[in-house]
Amino acid sequence: MSSSLRPRLFAIALLGGMSACSSGGDGGTQPGPSPAISISLNPNSASVAQGGSATVVATLTRSGGFSGTVALTVQGAPTGVTGTVGSEQTANGITTATITIQVAASTTPGSYTLTARGSGSGVSDATATFTLTVTAVTPAGFTIAAQPTTLSIQQGANATSTISVARTGGFGGAVALSAQAPAGLTASFNPTSVTGASSTLTVAAGASLAAGNYTVTVTGAATGLTNQTTQVAVTVTASPGGGSGNATIDYSSCGLIPTWFAYQDGSGPWTVLAPTNFKYSFSVSGPTAGIAWVTGPTAANSQVYVQYFSKAEITAGPLDYCASANLGSKGISGTVAGLGAGDRAQISLGAGIGGTVNGNGPFGITGVHDGNQDLIGWRRHPTGANPDRGFVRRDQDIPHLGTVGTVDFAGSESFTPASATITVMGFTGVETVNHGVTYWTTASCYSAPLYQTSSGPSTGFTAMGFPTGVQRSTDYHQLNVTAVTGAGTPVVGYTESRTVSEFFHDFGDRTITRPPSLGMPTIADLSGAYKRLRATFTVDDQYASVLFQTTTLSPTRLVASTATKAALGGTTAILTIPDWSGLPGWNDQWMAGPAAT
């Protein structure tokens with residue numbers, strides 16, 4: 001491309017009477033200087049990225065009396081490169097112009113020589129060269145890499161790898177990291193959204209995950225860019241076990257272990273522990289200790305528990321955590337007889353569930369444990385129209401899918417229950433009093449619910465249980481008395497409830513004193529990766545322990561925090577859901593999200 005440089009023309013006035021210049025007395029004349037032009041460039045080289053541009057100042061100088069028009073062009077530009085001349089200015093015979101060199105995004109990277117040429121009538125062309133270096137442009141993007149790329153982790157432990165983010169083409173956005181891991185391996189990132197150069201990947205192996213080789217795939221995602229992946233090879237090795245120490249939590253009698261287990265010595269950090277033979281052992285040196293565990297089939301339907309004890313309580317001996325709710329593997333069936341019109345029967349065997357019938361006929365129980373179990377039955381009419389009747393058949397080891405035969409509440413194995421007058425002290429007339437009786441038998445201490453009923457607002461009621469003549473020395477009654485203020489259910493509606501549970505062998509008259517009110521607790525919503533609450537309230541000295549429990553529905557998540565009287569060390573209870581984020585094997589999805597209500 002070209003442009004004419006048109007300098008300003010100045011008229012030179014000649015003084016009258018003057019002759020031509022003379023060089024001497026010989027009267028001859030000398031020739032004047034030849035008309036000429038010259039060009040200089042500043043700068044005379046530049047490095048331009050594909051799609052970019054550079055600006056060069058061209059200076060045109062006239063000499064020898066030349067004052068004509070000059071055309072300035074740029075020559076030798078490769079494909080995709082243009083030179084545009086503009087912003088011409090002339091003063092005192094010197095003209096300056098701006099040459100804009102534009103490089104297309106498609107121009108091949110390399111070094112090129114461009115020539116700025118000035119052409120005018122009556123003068124020789126003037127040239128100046130310009131060196132253009134075209135550099136390649138790296139597109140916006142990123143890559144991720146792991147260091148180290150291999151991890152060795154013991155069962156129940158964890159290890160870390162650094163995920164580096166390398167950015168190209170000026171990309172500076174956030175990269176969101178996620179991981180795909182086999183069941184039993186949990187992968188988490190800190191941070192999960194990377195605006196810098198790296199994030200820490202923590203891989204935790206579940207305590208029950210089989211030893212072997214696994215692969216964790218890490219994916220990085222950014223808006224408008226292609227996802228990037230990298231892999232970390234994980235070798236899981238067998239854990240040396242649940243440790244040793246002066247405290248042991250025992251799950252061996254049920255053959256089940258929690259999904260996740262951790263303990264706290266005093267106010268120290270929480271430590272994740274793997275089991276040995278279904279037992280967790282650890283050392284407690286502080287005045288108190290906490291244990292936490294998770295159960296549930298999925299993260300979306302989980303139960304999280306945390307309990308606090310004094311050192312003396314937790315080190316007194318192994319704590320057996322195989323409650324009757326831990327089910328066995330057998331299913332049995334049978335037939336109920338001897339029920340009157342409207343009667344309801346509850347049948348129990350080996351902590352199994354499902355043995356409830358509303359009339360004579362077949363029944364089934366699942367989750368029955370192996371070994372000798374006591375078959376317990378109870379007949380009751382909802383309104384008391386028919387008398388209660390009990391049933392017991394001892395030492396039954398029924399095979400899976402076997403039958404117990406007939407449970408006949410009119411036969412010789414049935415009995416007339418013992419009755420007892422229960423005097424209730426301290427309840428008010430606006431409270432509804434409910435009570436229920438559960439029977440515990442066998443060396444494993446399995447529970448058999450007998451009945452649950454509403455007694456109404458009163459100062460006493462009649463309860464039913466096993467007479468002494470049909471009891472064994474290892475049998476125990478459990479009497480639960482609950483007073484509820486306000487209408488509703490134990491999930492929604494009521495404003496306060498108080499429960500007393502007493503365990504005893506012989507069934508007889510008893511006095512139950514209502515526990516004092518806890519009053520309204522102060523609830524604090526703590527920050528974190530999941531919903532964490534803290535309850536503060538005053539506890540009367542007669543309480544043996546306190547419980548702070550929250551439940552969310554759909555999906556179901558239960559969180560319960562319990563502390564014994566000795567662990568509290570006073571009458572002020574402060575129960576807090578701890579922050580376990582980042583601990584090996586912990587999954588934030590076991591808890592409701594931080595915005596949950």
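The values are calculated or read from the model by the stated rules, or taken from the named source; none is laboratory data. Note that the structure is predicted; figures quoted are calculated from it, not measured. Quick reminder, even Gly has a Cβ in these numbers, built from the backbone with ideal geometry, and neighbours come from all protein chains shown. Accessible surface areas use protein heavy atoms only, side chains included; no ligands, DNA or RNA. Shrake-Rupley method; radii C 1.70, N 1.55, O 1.52, S 1.80 Å.
General observations
- Segment Leu526-Ala210, extension gain: residue separation times 0.36 nm, minus the distance between their alpha carbons: 110.1 nm
- Ordering Val103, Thr237, Tyr439 by the projection of their Cα atoms onto the charge dipole of the chain, which places +1 on the Cβ of Lys and Arg and -1 on the Cβ of Asp and Glu, puts Val103 at the extreme positive end.
- Mean Cβ neighbour count within 10 Å, used as a protection proxy, ranking 504-517, 192-205 highest first: 192-205, 504-517
- Charging the Cβ of each Asp and Glu at -1 and of each Lys and Arg at +1, and nothing else, the dipole of the chain about its Cα centre rounds to 1340 debye.
- Estimated distance in nm for a label pair at Ala300 and Asn44, the labels positioned 7 Å out from Cα along Cα-to-Cβ: 7.4
- Accessible area of the stretch 515-595 divided out per residue, in Å², using a probe of 1.4 angstrom: 49
- Each residue of the stretch 542-556 is assigned a 3J(HN,Hα), and the resulting list reads 7, 6, 7, 7, 10, 10, 10, 10, 10, 9, 10, 10, 6, x, 7 Hz, derived from the Karplus form 6.51 cos²θ - 1.76 cosθ + 1.60 (θ = phi - 60°), x at Gly and Pro.
- Carbon/sulfur fraction of accessible area - the stretch 528-597, other protein chains in place, 1.4 Å, %: 52
- Estimated dipole of the stretch 525-597 in Debye, rounded to 20 [Cβ of Lys and Arg +1, of Asp and Glu -1, Cα centre]: 120
- Relative contact order computed over the chain (Cα-Cα under 8 Å; 6+ residues apart), in percent: 9
- Where the stretch 49-185 is the region considered: accessible area per residue in Å², 1.4 Å probe: 46
- Share of carbon and sulfur in the accessible heavy-atom surface of the stretch 111-226 [1.4 Å probe, %]: 48
- Spherically averaged projected area of the chain from its Cα convex hull (nm²): 48.7
- Backbone phi angles across the stretch 306-316, fed through the Karplus curve with coefficients 6.51, -1.76 and 1.60 (θ = phi - 60°), yield HN-Hα couplings of 9, 10, 10, 10, 6, 4, 4, 5, 7, 9, 5 Hz in residue order; Gly and Pro are listed as x.
- Accessible area of the stretch 264-418 belonging to carbon and sulfur atoms, whole % at 1.4 Å probe: 54
- Pairs of lysines in the chain (C-alpha under 28 Å apart; 8 or more residues apart or interchain): 5
- Rounded FRET efficiency, nearest 0.05, which uses the C-beta distance separating Glu413 from Asn190 and R0 of 60 Å: 0.45
- When the charge dipole of the chain is built from unit charges on Cβ atoms (+1 for Lys and Arg, -1 for Asp and Glu) and taken about the Cα centre, the candidate among Pro467, Leu114, Ala410 whose Cα reaches farthest toward its positive end is Leu114.
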